[in-house]
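The values are calculated or read from the model by the stated rules, or taken from the named source; none is laboratory data. Quick caveat: nothing in here was measured; it's all calculated off a predicted structure. Here the Cβ is made from the backbone with ideal geometry for all residues, glycine too, and neighbour counts use every protein chain on show.
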């Protein structure tokens, strides 16, 4: 494994670092001020300063970096990893580069499984940044950490499908520019367990699509990236041609979508942790209770040292995972994907907690980005599967491997 930057990565990394310093960080305050002045607080993607950033990023070639193949920038996971880490340092950067979830995962689904017509109608405007999208899988009435429990029905009726169900925590659905939802439901409840589910495209304006309410995350409504909504789908009718893949392909498509999504979350989280350490060190040097700077206190130094160790461990594990995905495929990297999904949110949550502690009461306030970041990283311990599900699966695989080793 060689994690050195190749020429392409070096060039993009230099451009991105300059873009962050010269454009993104200075725009953070203006973004929130302009968003506060919008008639619709959920229309975050229409904020003028963000539109300017997106135009500048596109002009610099910093666009759709997440997507491999002909539809995107064509980068490998190892090439994209250090770039995604940089974007994780600011909540504005992923959106500025058209690399923010859930659009990234939806574009991957359409690029890999969509028909030419679906790609023309929905993938192209998503790649252009002209519209937004949402991914509707989680449900309030079932334990949807096991995706096979999903109860939303997708029933064939002639040349249409009829969809009924409730969804929640649907990121971005409150944004009026989220024009398309990818909905996961059951087309055949009597089929084999992992062949019951399908995915279908549901335009936002379809009759029967009701956005019921926004969901808060530890008191934050996350309106600056579209929020999270509860949806009611009541006798929603869409053409049969809106089905993605074939009936019964939904679970497999979800797994294909979640693999890259999990590693992208972890890449960005490392960047968030790096910014938290910077803030923690600056605060520790600037505050001097009891006659000496916080940075001279042993417990603070212990936290800073531990934070550095944890970040370096995470980065190496994420890079190994990216390398395996590139060289052996996503399935071969399944164990590593689970490992980073378990390790990254927990470690970054710990780092953010210590950074908040060093900032005192200010760390809990809106004057610093730490409390908001803490709420987001805590959410990540549920997003794309809760810790316990990944730990259970990883442990089963390890037990199986150890038993096979003993039998040899």
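Just a few scattered comments:
- Cβ-Cβ under 6 Å pairs, at least 6 apart or on other chains, the stretch 292-304 side without any contact (Cβ under 8 Å) to a residue 60 or more places away in the chain, far side buried (at least 18 other Cβ atoms within 10 Å of the Cβ): 295/284; 300/284; 300/294; 303/354
- Residue 182 meets each of the listed conditions (1) part of a strand (DSSP E or B); (2) more than 16 Å from the chain's Cα centre (by Cα); (3) over 30 Å from residue 36 (Cβ atoms) apart from (2).
- Residue in the stretch 236-259 that is more than 21 Å from residue 196 (Cα to Cα) and at pLDDT below 95 present: no
- Some residue of the stretch 201-223 being within 22 Å of the chain's Cα centre (by Cα) and either assigned by TED's automatic domain parsing to the domain that holds residue 63 or closer than 16 Å to residue 245 by Cα (or both): yes
- Within this structure, residue 283 fails the test of being part of a helix (DSSP H, G or I), under 27 Å from residue 66 (Cα atoms) and either touching a residue at least 24 places away in the same chain (Cβ under 8 Å) or assigned by TED's automatic domain parsing to the domain that holds residue 90 (or both).
Conditions (1) in a helix (DSSP H, G or I); (2) in contact with a strand residue (DSSP E or B) (Cβ under 6 Å, 6 or more places away or on another chain); (3) at pLDDT 95 or above, marked per residue:
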position: 312; (1), (2), (3): yes, no, yes
position: 315; (1), (2), (3): yes, no, yes
position: 318; (1), (2), (3): yes, no, yes
position: 331; (1), (2), (3): no, no, no
position: 353; (1), (2), (3): yes, no, yes
position: 373; (1), (2), (3): yes, no, yes
position: 377; (1), (2), (3): yes, no, yes
position: 382; (1), (2), (3): no, no, no
position: 397; (1), (2), (3): yes, no, no
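- Taken over the stretch 226-257, the criterion of being over 10 Å from residue 113 (Cβ atoms) and within 17 Å of the chain's Cα centre (by Cα) is satisfied by 226, 227, 228, 229, 254, 255.
- Pick from the stretch 117-146, criterion assigned to a helix (DSSP H, G or I) and in contact with a strand residue (DSSP E or B) (Cβ under 7 Å, 6 or more places away or on another chain), ranking: farthest from residue 101 (Cα to Cα): 118
- Count of the stretch 151-175 residues which are part of a loop (DSSP other than H, G, I, E, B), in contact with a strand residue (DSSP E or B) (Cβ under 9 Å, 6 or more places away or on another chain) and at positive phi: 1
- Residue in the stretch 137-145 that is under 19 Å from the mean Cα position of the chain (by Cα), loosely packed, with under 15 Cβ neighbours inside 10 Å and more than 28 Å from residue 52 (Cβ to Cβ) present: yes
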